[in-house]
1. Which value results for Rg/Rh of the range 31-112 when Rg is the Cα radius of gyration and Rh the Kirkwood radius based on the inverse mean 1/r?
2. Between 221, 126, 66, which gets the highest mean-square fluctuation from a Gaussian network model of the chain, Cα cutoff 10 Å?
3. As I understand it, the value is the acute angle between the Cα axis of helix 108-117 and the longest principal axis of the Cα atoms of the chain; what does it come to in degrees, rounded to 10?
4. Tell me the angle of helix 2-34 to the major Cα principal axis of the chain, expressed in degrees between 0 and 90 and rounded to the nearest ten.
5. Each label point is 7 Å from the Cα along the Cα-to-Cβ direction; what then is the distance between the points at residue 104 and residue 43, in nm?
6. Gaussian network model of the chain, Cα springs within a sub-10 Å range: biggest mean-square fluctuation belongs to which of 22, 200, 190?
7. Which angle between 0 and 90 degrees, to the nearest 10, do you get for helix 228-238 versus the longest principal axis of the chain when only C-alpha atoms count?
8. Which residue, 205, 78, 61, tops the fluctuation ranking in a GNM of the chain built on C-alpha contacts under 10 Å?
């Protein structure tokens, strides 16, 4: 009887999650299928899931010999920027998390609290001063403008710091007895143990950089430098009467993040507990 009572809430939770999954995935499937339809079929057949005639002209029009809206070039721009930004974020937040979480220095807690207080301000407040800084450095319309800003995200530092705090300090003390310094402890002990949370930070950083629309639209005015998100706006303006072609561009834009979540979902689940993988 007890097992039956316990199974009912699990069944309700399963049905609810299944319903949410269906609601989420149906528009995605419809969009992917629509990208293989002709405009004539899309406008005359109404809501019909599978196309009468499967065509790939929408993708070839966007990806092959397209100089006005070089979607493939935008794709690789976004890929380079997102990967470079993610690597820079991992370097910065891992060092910052180690310093705030495991090193002892005067004013550490006060500085960290001040850093956390900056999260109360919306990001849009920083746009004008950030653009002024980027412009003074001569980074406007360069990849630096999209890679460097945001590398020291406060939320990411908080996640890594909280994870590293949960690693027993006895590990550091034992390493120091053996003659290890701070850098050796960081690279050989703390960093390997922090792999789950760093994977989560990498996941958040990559998707955040890839999906960012506002900042690339501000700092890039050269069509060859655009990212795929800002380029989709140009695509929408140029192909207003071709919704299937626009849908093909949107499907191309979501492929990397979809693949990333598909292969990194176990690390995302591990992040639900900041002490995942740390015992003792």
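Bear in mind these aren't lab numbers, they're just calculated from the coordinates by the rules spelled out. Being a predicted model, the structure only gives us computed values, none of them experimental. As a convention, Cβ positions derive from the backbone with ideal geometry for all residues, glycine included, and neighbour counts pool all protein chains shown.
1. We get a ratio of 1.39 for the range 31-112.
2. 126
3. Orientation of helix 108-117: about 20 degrees from the principal axis.
4. For helix 2-34, the angle is close to 50 degrees.
5. Reported label-point gap for residue 104 and residue 43 is 7.4 nm.
6. Of 22, 200, 190, the Gaussian network model singles out 22 as fluctuating most.
7. Here the helix axis deviates by roughly 20 degrees.
8. Of the options given, 61 has the highest mean-square fluctuation.
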